[in-house]
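The values are calculated or read from the model by the stated rules, or taken from the named source; none is laboratory data. Keep in mind that this is a model prediction, so the values were computed, not measured. Virtual Cβ from ideal backbone geometry, glycine too; neighbours counted across all protein chains shown.
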Amino acid sequence: MKKYQLYTTMGAGFESVVAKELQSLGYETRTENGRVFFEGNQSDIVKTNLWLRTADRVKILLKEFKATDFDTLYNQVYDIDWAELLPVDAKFPVQGRSVRSKLHSEPGIQSIVKKAIVNKMSDQYHRRGFLPETGSEYPLDIHIYKDLARISLDTTGASLFKRGYRIEHGGAPLKENFAASLIKLTPYDGTHPLIDPMTGSGTLAIEAALIGRNIAPGTWRKFAFDDFDWFDSDLHDDLLEQAKSEVRTLDQPIWACDIDQSILEIAKLNANNAGVLQDIYFKQVAVKDFATDLENGVIIANPPYGKRLKEKKTAEELYVQMGEALSKYDDFSQYYLVGDPEFEQFFGKTATKKRKLFNGNLRVDFYQYWAKKK
């Protein structure tokens with residue numbers, strides 16, 4: 001099988017998490033800002049799309065080259081054997097991005113790349129005029145950073161966070177791969193309890209159950225590569241069946257609690273869609289009233305950020321309640337994703353460690369309180 005230079009993209013701050021996940025799947029990696037590179041064949045493209053919990057996309061790097069003018073960009077793109085990758089009727093949208101480069105007009109870059117591909121395919125397929133673009137989609141990406149151009153083919157399609165289980169959601173839930181990344185920053189592996197005392201639509205609890213039961217997060221969806229005419233169509237089915245055979249039972253309970261019963265019903269629906277409803281104990285309870293007999297586990301939560309002025313006081317009161325109700329469980333490692341830099345003051349305890357992250361465009365901190373084991 002042909003080997004490809006592959007790379008994954010991910011949210012800012014999660015490069016090391018994705019690299020570790022790829023290494024656990026058996027790949028040697030090289031990390032850059034926003035990307036982790038590895039090598040693989042078609043089977044690896046399927047495997048990584050199916051199994052990566054923390055990445056956004058898996059792309060094939062087609063070519064990289066220095067480009068400081070449009071002629072060079074055109075010629076380098078034209079030189080690629082596009083007929084090997086794209087059938088004559090291929091739909092091939094081109095996304096362009098340029099950062100700190102001489103070629104800075106993103107619409108201009110996209111237009112030149114598109115023109116080079118159309119002209120090369122017209123020559124290769126002996127066509128005149130426009131290409132039909134009525135067939136399967138082959139999403140292309142041109143990224144130029146400090147004059148280094150990279151052109152790639154996206155094998156994923158809709159971002160990997162779109163698992164397919166979250167049909168209903170309340171408020172502004174965490175993206176699934178963001179939630180999985182947070183869990184990967186904890187010691188959780190399914191062999192001890194996990195509690196989310198403010199679960200909302202249940203994403204953290206569901207992602208924990210998928211990790212604990214070793215369920216591939218891509219189980220319910222299709223990918224861009226499924227429509228590539230040169231891709232081995234049996235690989236996806238074969239590797240999906242193999243993944244399903246590796247599902248295990250959960251050793252320890254997962255609790256998902258919330259004050260709002262209506263949002264818990266949404267969380268239950270999502271958990272049912274993910275096949276883990278029986279693995280999560282849902283309970284309506286305010287965080288100030290939370291209590292548990294469980295021991296030596298993980299507490300993880302994404303409490304309201306209170307970014308609007310009138311919500312800030314309510315959020316701060318909640319942080320105080322969290323400290324009073326949860327900090328006494330010091331045999332639990334505790335992890336809180338919060339947008340308030342004064343969280344520790346209200347919680348009443350200094351974190352063992354803080355990690356700066358971005359939830360979308362919002363700057364947040366992941367406060368980590370490490371356990372004292374009983």
Point to revise | Options Ser122, Ser16, Ser43, Ser98: the member that is under 30 Å from Phe178 (Cβ atoms) and touching a Leu at 6+ places or on another chain (Cβ under 9 Å) | key: Ser43
Practice item. Could you tell me whether Ala371 is part of a helix (DSSP H, G or I) and either of a type in the set (Gly, Ala, Ser) or within 18 Å of Leu185 (Cβ to Cβ) (or both)? Key: no
Exercise for review: Would you mind finding the one in Glu39, Glu84, Glu28 that is assigned by TED's automatic domain parsing to the domain that holds Ala149, part of a loop (DSSP other than H, G, I, E, B) and acidic (Asp, Glu)?
Suggested key: Glu28
Review point. So which pairs qualify, if the first residue must be in segment 246-257 and assigned by TED's automatic domain parsing to the domain that holds Gly200 and more than 23 Å from Ala286 (Cα to Cα), the second must be modelled with pLDDT of 95 or more and among the basic types (Lys, Arg), the Cβ gap must be under 8 Å, and the two must be at least 6 apart or on different chains?
Key: Val247/Arg213; Arg248/Arg213; Thr249/Arg213; Leu250/Arg213
**Study point:** Of the criteria (1) within 24 Å of the chain's Cα centre (by Cα); (2) among the hydrophobic types (A, V, I, L, M, F, W, C); (3) in a helix (DSSP H, G or I), which one Phe346 fails
**Key:** (1)
Point to revise | Residue tally, condition in a loop (DSSP other than H, G, I, E, B), over 16 Å from Val94 (Cβ atoms) and aliphatic (A, V, I, L, M), over segment 42-79 | key: 2
Check your understanding: When only residues in segment 1-18 that are among the aliphatic types (A, V, I, L, M) and under 13 Å from the mean Cα position of the chain (by Cα) count, which is surrounded by the fewest Cβ atoms within 10 Å (Cβ to Cβ)?
Key -> Ala12
